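The values are calculated or read from the model by the stated rules, or taken from the named source; none is laboratory data. Owing to the predicted nature of the structure, the values given are computational and were not obtained by experimental measurement. We place every Cβ from the backbone using ideal geometry, glycine too, and count neighbours over all the protein chains shown. The protein model used for the area step is the full one, side chains on, heavy atoms only, and it has no ligands, DNA or RNA in it. Shrake-Rupley method; radii C 1.70, N 1.55, O 1.52, S 1.80 Å.
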Amino acid sequence: MEQRHLGRTGLRVSRIGLGTLTWGRDTDEHDAADQLKTFWEVGGTLVDTADVYGGGEAEYLLGRILERLIPRRDLIIATKAGSVPDPYRRFDGSRGHLLAALDDSLERLGTDYVDLWQVHAFDTETPLDETLSALDIAVTSGRARYAGVSNFCGWQLAKAATWQLAAPGTRTRLASTQMEYSLLQRGVEREVLPAANDLGVGLLPSSPLGRGVLTGKYRHSTPPDSRGASEQMAPFVEPYLDGAARRIVDAVATAADGLATTPLEVALAWVRDRPGVVAPIVGARNAQQLTAALSVESLSLPDEICRALDDVSAPVHRYPDQDWSTL
């Protein structure tokens with residue numbers, strides 16, 4: 001698998017990442033091990049997790065599998081901290097919480113360091129410089145090699161990245177930002193991507209298949225074994241089942257027919273090769289599903305297909321994103 005630099009750093013990662021959101025909840029240790037082995041055997045290196053995935057079980061499973069199956073040095077392990085199970089405060093970006101969470105993550109993962117440590121979301125109740133100081137401490141102490149953020153909007157990302165660049169040598173530059181991005185969700189193109197590109201921050205798209213909708217599985221009905229049929233996950237899928245989404249999915253399916261490939265590969269190739277994207281994070285229930293996603297490595301979309309998909313999925317960005325004098 002092709003490797004790409006993570007932002008403006010020397011770290012190189014596979015251009016498809018393996019997500020572990022369902023590990024320890026819907027994906028057991030056997031299926032998780034099959035997925036990780038499949039991913040590793042085709043040259044995949046970036047594995048993304050978080051301290052809250054499966055209530056910590058995702059990190060624990062990953063650590064157990066690494067111990068017996070794959071050399072630690074062969075993988076780029078990325079995890080996150082900052083989300084908390086508190087209905088009154090969803091995110092805690094305080095230095096104390098973040099560093100304690102990192103130590104807990106390292107224990108579950110069974111490793112001395114993570115390659116990429118990410119703040120899971122912006123905490124409005126903690127000064128940003130305090131949150132970012134936790135990243136500096138994590139890197140200088142050797143517990144993390146690189147640092148990033150997740151779910152920061154445009155101004156939040158720009159402020160954080162600029163702060164970190166203001167004192168080179170004492171602060172750790174942001175290597176990445178993880179955001180939802182797909183043909184069904186192009187909101188990051190408004191401000192996040194321009195900020196990331198300008199400041200040398202690489203984008204790691206989550207839900208690159210539109211929460212599974214871009215595979216085409218929901219075109220005619222809801223499969224009983226899908227997320228859309230799950231009581232817990234149906235609200236996650238439902239926003240992408242409207243008329244506008246159907247038109248985009250139909251266009252993806254038409255492109256797939258013309259290229260003799262699958263809607264999954266077309267949708268994934270589109271987001272993988274967008275400017276500023278480093279590696280879409282792909283989740284799967286089992287190794288068979290993952291193999292289908294990894295087959296995208298050999299596909300590059302023709303320019304005319306990209307333009308057609310761009311047109312059908314184009315978000316409405318007017319003032320102030322366009323030159324005001326032309327409006």
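Relative to the Cα centre, what is the charge dipole magnitude of segment 173-327, using +1 at the beta carbon of each Lys and Arg, -1 at the beta carbon of each Asp and Glu, and rounding to the nearest 20 debye? Could the numbers behind the result be given before it?
On the way: 14 positive and 19 negative charges, 68 e Å.
Dipole magnitude for segment 173-327 comes out near 320 debye.
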Keeping all protein chains in the complex and leaving out DNA, RNA and ligands, what accessible area do you get for Met1 with a 1.4 Å probe, in Å² to the nearest 10? 50
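So in the chain, what percent of DSSP beta bridges are antiparallel if you round to the nearest 5? All intermediate terms of the calculation are to be shown ahead of the outcome.
Details: 5 of 33 bridges.
Approximately 15 percent, going by the DSSP bridge assignments.
Taking N as the number of residues in segment 145-237, what is its alpha-carbon radius of gyration divided by 2.2 N^0.38 Å? The partial results should precede the final answer.
Working: Rg = 17.0 Å, N = 93, 2.2 N^0.38 = 12.3 Å.
Normalised Rg, Cα atoms only: 1.38.
Taking R0 as 30 Å, what FRET efficiency do you get between Ala167 and Glu107 from their Cβ-Cβ distance, rounded to the nearest 0.05? Each step should come with its number before you reach the end.
Details: r = 31 Å, r/R0 = 1.04.
So the FRET efficiency works out to roughly 0.45.
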In whole Hz, the Karplus estimates of ³J(HN,Hα) for segment 12-19 (6.51, -1.76, 1.60; θ = phi - 60°; x where Gly or Pro) are 10, 10, 5, 7, 10, x, 9, x
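In what order, largest first, do Lys37, Lys159, Lys80 sit by accessible area if the probe radius is 1.4 Å? Could you put the intermediate results ahead of the total?
Values: Lys37 90, Lys159 115, Lys80 0 Å².
Solvent-accessible surface, decreasing: Lys159, Lys37, Lys80.
Not counting the cut sites, what is the longest span of the chain without GluC sites (Glu not before Pro) that DSSP labels loop and that have at most 10 other Cβ atoms within 10 Å?
Values: sites that count: Glu125, Glu231.
Segment 1-124 is the longest.
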Roughly how far apart, in whole Å, are the Cα centres of segment 14-53 and segment 83-110? 21
The chain, helix-only ellipticity at 222 nm - DSSP H runs n ≥ 4, -39,500 (n - 2.57), divided by all residues, nearest 500: -11500 deg cm²/dmol
Alpha-carbon centroids, segment 255-281 and segment 178-198: separation in whole Å: 16
How much of Ser313 can a 1.4 Å solvent probe reach, expressed as accessible area in Å² and rounded to 10? 10
So for each of 192-198, 182-188, 253-259 I average, over its residues, the number of other beta carbons within 10 Å; can you give me the resulting order with the highest mean first? 182-188, 192-198, 253-259
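Pulled fully out, how much extra length does the chain show between Arg247 and Ser141, if you take 0.36 nm times their separation in residues and subtract their Cα-Cα distance?
Numbers: separation 106, 0.36 × 106 = 38.16 nm, distance 5.00 nm.
Extra length available between Arg247 and Ser141 comes to 33.2 nm.
Hey, if we sort His317, His220 by accessible area with the 1.4 Å probe, largest down, what's the order? The partial results should precede the final answer.
Working: His317 40, His220 165 Å².
Heavy-atom accessible area, descending, gives His220, His317.
Apply the a/c threshold of 1.5 to the C-alpha gyration tensor of the chain and tell me whether it is rounded, prolate or oblate. Each step should come with its number before you reach the end.
Values: a/c = 1.58, a/b = 1.19, b/c = 1.33.
Oblate, since a/c reaches 1.5 and b/c is not below a/b.
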Compute the relative contact order of segment 23-97 as a whole-number percentage, counting only Cα pairs closer than 8 Å that sit 6 or more residues apart in sequence. 32
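Which FRET efficiency, nearest 0.05, do Glu67 and His30 yield, Cβ-Cβ r, R0 22 Å?
Efficiency at R0 = 22 Å is approximately 0.90.
Find the relative contact order for the chain and round it to a whole percent, using C-alpha pairs within less than 8 Å whose residues are 6+ positions apart. Walk me through the intermediate numbers first.
Values: 579 pairs, mean separation 58.5, N = 327.
Taking the mean separation of contacting Cα pairs over the length of the chain, I get 18 percent.
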Phi to ³J(HN,Hα) by Karplus 6.51 cos²θ - 1.76 cosθ + 1.60 over segment 76-88, Hz, x for Gly, Pro: 9, 9, 10, 9, 9, 8, x, 7, 9, x, 10, x, 9
With no solvent and one point on each alpha carbon, what is the Debye value of log10 I(q)/I(0) for segment 83-207 at q = 0.16, 0.17, 0.18 Å⁻¹? -0.77, -0.87, -0.97
How would Leu299, Leu98 line up by accessible area, probe 1.4 Å, largest first? Leu299, Leu98
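Of the beta bridges DSSP finds with both residues in segment 115-242, what % are antiparallel, to the nearest 5? If you can, show how the numbers build up before the last one.
Numbers: 1 of 15 bridges.
Given both bridge residues lie in segment 115-242, the antiparallel proportion sits at roughly 5 percent.
May I ask you to compute the full-extension gain from Arg285 to Leu259, defined as 0.36 nm times their residue separation minus their alpha-carbon distance, rounded to one decimal in nm? Write down the numbers at each step before the final one.
Numbers: separation 26, 0.36 × 26 = 9.36 nm, distance 2.61 nm.
So the extension gain works out to 6.7 nm.
Quote the Stokes-Einstein diffusion coefficient, in whole µm² s⁻¹, for segment 1-117, based on the Kirkwood radius over alpha carbon pairs, a temperature of 4 °C and a viscosity of 1.567 mPa s. Provide the component values of the computation, followed by the final result.
On the way: Rh = 14.7 Å.
Translational diffusion coefficient: 88 µm²/s.
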